[in-house]
1. Mind putting together the pair-distance distribution for segment 310-448? All Cα pairs, 5 Å bins, whole percent per bin, short to long.
2. To the nearest 20 debye, what charge dipole does segment 571-654 have about its Cα centre, counting +1 at the Cβ of each Lys and Arg and -1 at the Cβ of each Asp and Glu?
3. Once the piece of chain linking Gln227 and Arg319 is laid out straight, how much longer is it, given 0.36 nm per residue of separation minus the C-alpha distance between them?
4. Which residues in segment 30-44 have a backbone N closer than 16 Å to a point placed 7 Å from the Cα of Glu267 along the Cα-to-Cβ line?
5. Amide H to amide H, which residues 5 or more places from Arg619 or on other chains are under 5 Å from it, using H placed in the peptide plane?
6. Any chance you could list the semi-axes, whole Å, largest first, of the equivalent ellipsoid that the Cα gyration tensor gives for segment 429-529, using √(5λ)?
7. Need one number: nm distance between label points at Asn617 and Met504, each 7 Å from Cα along Cα→Cβ, rounded to one decimal.
8. At what distance in nm do the modelled label points of Lys300 and Gln647 sit from each other, each positioned 7 Å from its Cα along Cα→Cβ?
Amino acid sequence: PLDHQEKGELEAEWLQDVGLSTLISGDEEEDGKALLSTLTRTQAAAVKKRYNTYTQTLRKKNKQSVRDVRDIFGASESPPDDFCCVPAPLLDVSPDEGRMPTVPCRNGQLPDDTCDSHASELDEARDGKALPGIIKGSGPLPDGASLNSSTLSDGSQDEEWSFAVPRSGSMSILEAIPDVPVHSNGAADPGQSARNVASDDEYLEKNIPVDAEELSFEVSYSEKLTQAPKRNRFKKLDFKKEDYVLPKFVVQKTRFGLTKAEDLSAEDMKKIRHLSLIELTAFFDAFRIQLKRNKTEKVKGRDSGIFGVPLTVLLENDRRKDSGVKVPLVLQKFFEKVEESGLESEGIFRLSGCTAKVKQYREELDAKFNADKFKWEKMCHREAAVMLKAFFRELPTSLFPVEYIPAFITLMERGPHIRVQFQALHLMVMALPDANRDTAQALMTFFNKVIANESKNRMSIWNISTIMAPNLFFSRSKHSDCEELLLANTAAHIIRLMLKYQEMLWTVPSFLIAQVRRMNEATMLLKKPLPSVKKLLRRKTIERGVTSPKTSKVLQKSPSTRRMSDVPEGVIRVHAPLLSKVSMAIQLNGQTKVRDILAKFQCENSHGSSECIKIQNQRLYEIGGNIGQHCLDPDAYILDVYHVNPQAEWVIKPQQNV
């Protein structure tokens, strides 16, 4: 198990990963304050727990005073949020209900062999008795089936789950930020979204298949877990290897539409990553599972060539040729070679290819690819498939974070429904670095093309996930055979979920977008200087329309103020700099969709065939205000977005795809 100092280092790494390094350095930074101001109750509890462990370690190590967690979050009359809610319906699932194939643990128990105390709590819930919503205490976790390994599960047992009682009079660094209630859709006031619009029932997705379940991205996943439902609403599933079936999910569409990861600016996606990791940690905290038990393996990798080079280095080299590249060019070439003639080739990813040719091509790619001197026409699809696997296997660190696998193992051993596994995986995908997330998306798209030809190539979703799991989740640490089996099975199951739910997993949860909007608003507020007496007097003069003694002219409003006042309420001006009709004022109503605005511009620019083709590739962007850049869903109702961000500019331009 980790000693106290190692735990402190692990928590310090976590604080840095979630964008709260200022809590370690002690610097005052607006972004850190803004991030803390947007946290939900469960997210704040996760941050408090990690920061508390870090500060306790620092005190013991250096015997020096550090900022107390109460100075960061402020005093509160409510009890500390160091809780763990375990809703009975999430854990009370029969062995055949929505879970991966059972693998025995090293202690000889099956995943169903939970401890007596835990089982008694679930029995009480089934009998209608009150299930404790909050479990406090210390000591080992109540999960007899958890992975019992020092190498995979190090530190899985939580230390003391308690925080000091908040002291009165402590000053919070967040007091400068007004506590404005925020609706899950991002509006500062829940009533705003209802203005001049129909009820939810009128616009939620209709005609949902009978065998499909609805997913909502509107409410924090960790908050949902702490609200134990009164009855088990999950469907029972029977998984067998020969006819593996995953449930169908349908995303609940709201008036704000859906947002893909590539639809947001890089700066906003960085904030999404930080929030996702905090939310993922809080999510596992709700099950009393420690997300990360060991520090991230760090391997430098090569500085040149193709194989063994970090994704970020490859992309940096590729962007000298094409600034918009998001997936390494060599990987795109491997995809193309397989798609040219290998999609129907039987066992395409099971075959090893010609060893001599593979070795030769690897050496030539390392030496010639960046200089565009490698001759791709001589490579066949079999060698391309082999080198694609080798490309991922030889990355300095695995494409997906293998350090999270033990937490997923424990989660799946406890048997929650696939919906819960999906939510955990969804947050993990959102927390990936940009290079990993974009590359993984392209990889899943490619593999789904392979699986679409299963009748000819014999590569099912089960085959692909089993073959590729060791290449996408790998650890350089040594494990026992049982641990390797658990890791491989869990990794393969995760890959299956990614392939099945790819479109949904790369859709940004709207509750995270709402938090980003609040972060941006808080950052602007914190950076806004307090007005001087001179500016206040000048403002009063403008408001009264008094003549300036220096210019003998009536002071005019600023261009931005004049521009805002010239546009009536509910009217937006849309700019399309690349089209012949470059600007248009559009009156909005509760039924105006983004696609309606695009259609108006298409009508105005349809005089020539080239203009018609051009508009088909255009999307409407929301830019500025409380968002960096947001490519809007064509089905989004623009008036609702306008109410959330009235300061935004609206621009039509080509979509930036991965």
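Here, each number is a calculation from the coordinates, and none is a lab measurement. Because the structure is a prediction, the values reported are computed rather than measured. Virtual Cβ from ideal backbone geometry, glycine too; neighbours counted across all protein chains shown.
1. 2, 8, 16, 19, 18, 15, 11, 7, 3, 1, 0
2. Values: 8 positive and 8 negative charges, 41 e Å.
Rounded to the nearest 20 debye, it is 200 debye.
3. Values: separation 92, 0.36 × 92 = 33.12 nm, distance 4.66 nm.
Fully extending the segment from Gln227 to Arg319 adds 28.5 nm.
4. Taking a point 7 Å out along Cα→Cβ of Glu267, the residues of segment 30-44 whose backbone N falls under 16 Å are 30-35.
5. Here Lys653, Gln655 satisfy the definition.
6. Values: eigenvalues 251, 77, 21 Å².
They are 35, 20, 10 Å, listed largest first.
7. 3.3
8. Between Lys300 and Gln647, the label points sit 4.5 nm apart.
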